[in-house]
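Visitor: Starting off with a structure, shown below.
The values are calculated or read from the model by the stated rules, or taken from the named source; none is laboratory data. Because the structure is predicted, anything quoted here is derived from the model rather than measured. FYI the Cβ positions are ideal-geometry reconstructions off the backbone, even for glycines, and counts take in every protein chain you see.
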Amino acid sequence: MIRIGFSKDVHPLKEGEKFILGGLEIDHYKGSTGYSDGDCLLHAIAESLLGALGLGDLGKFFPDDNPKYKDYDSKLILKEVYNYASGKGYEISNLDCMISLEKPKLRPYISDMKKVISEILECDTKCVSIKATTHEGLGFVGEEKGILCEAIVLVEKSDFILD
């Protein structure tokens, strides 16, 4: 069985906040804010995986009114979602991500992001694609007010599952 899930996530950028993206802390004068650690990319990936399984959105499982998830590590969010999916027999066949961010340039970080994500999702780095683009100064991304991340995931379920 093959299933596809898509999601996008948006976070405001604020001066003086830590900038966590793709499981990495990136040196920048602005950071992504959120109830957890604000990792927009990992949130989009986790929610795309939930979507592939028909389970709804991230807020259903990690609500922002639960004190447990205040400043929560988004790597743990993605791992919990992946553990559920793999427990149902699904594995990642392909993950394609797009990060929309004006600054900083992300090319130096993408390889390390792929390693972090592939380790969490227990897949080869060749199954993980991460691209980055700017909005050429247009809109909230272009004005450096926020970040937008999108992810689409293809999961496959093996016919042979041992209980």
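Visitor: Filter the stretch 1-50 down to the residues that are among the aromatic types (Phe, Trp, Tyr) and closer than 20 Å to Leu76 by Cβ and list them by number.
Guide: If the condition is that a residue be among the aromatic types (Phe, Trp, Tyr) and closer than 20 Å to Leu76 by Cβ, then Phe19, Tyr35 are the ones that fit.
Visitor: Would you please list the contacts, defined by Cβ atoms under 7 Å and residues six or more apart or on different chains, that run from a residue in the stretch 120-142 that is closer than 20 Å to Ser74 by Cα and crowded, with 17+ Cβ neighbours inside 10 Å to a residue that is modelled with pLDDT of 95 or more and aromatic (Phe, Trp, Tyr)?
Guide: Pairs that qualify, where the first residue is closer than 20 Å to Ser74 by Cα and crowded, with 17+ Cβ neighbours inside 10 Å and the partner is modelled with pLDDT of 95 or more and aromatic (Phe, Trp, Tyr), are Ile120/Tyr82; Leu121/Tyr82.
Visitor: For residues that are among the hydroxyl-bearing types (Ser, Thr, Tyr) and assigned to a helix (DSSP H, G or I), scanning just the stretch 58-77, find the one that is surrounded by the most Cβ atoms within 10 Å (Cβ to Cβ).
Guide: So, considering only residues that are among the hydroxyl-bearing types (Ser, Thr, Tyr) and assigned to a helix (DSSP H, G or I), the one surrounded by the most Cβ atoms within 10 Å (Cβ to Cβ) is Ser74.
Visitor: Let me ask another. Just name the residue that is surrounded by the most Cβ atoms within 10 Å (Cβ to Cβ) out of those in the stretch 78-91 that are assigned to a helix (DSSP H, G or I) and small (Gly, Ala, Ser).
Guide: Within the stretch 78-91, the match that is surrounded by the most Cβ atoms within 10 Å (Cβ to Cβ) is Ala85.
Visitor: Residues being free of Cβ contacts under 8 Å to residues at least 60 places away in the same chain and more than 15 Å from the chain's Cα centre (by Cα): count how many of those fall in the stretch 28-60.
Guide: The total comes to 6.
Visitor: I'm trying to understand the selection: among the residues of the stretch 1-26, which are part of a loop (DSSP other than H, G, I, E, B) and free of Cβ contacts under 8 Å to residues at least 60 places away in the same chain? Explain how you work it out, then say what you get.
Guide: Within the stretch 1-26, the subset part of a loop (DSSP other than H, G, I, E, B) is 1, 16-18, 22-23.
Gly16, Glu17, Lys18 - these are the residues of the stretch 1-26 that are part of a loop (DSSP other than H, G, I, E, B) and free of Cβ contacts under 8 Å to residues at least 60 places away in the same chain.
Visitor: A further question on this structure: Would a scan of the stretch 44-57 turn up a residue that is at pLDDT below 90, buried (at least 17 other Cβ atoms within 10 Å of the Cβ) and under 30 Å from Ile2 (Cα atoms)?
Guide: no
Visitor: Please state which of the following conditions Gly54 fails to meet, knowing it meets all the rest: (1) assigned to a loop (DSSP other than H, G, I, E, B); (2) in contact with a Ser or Thr (Cβ under 7 Å, 6 or more places away or on another chain).
Guide: Status for Gly54: all satisfied but (2).
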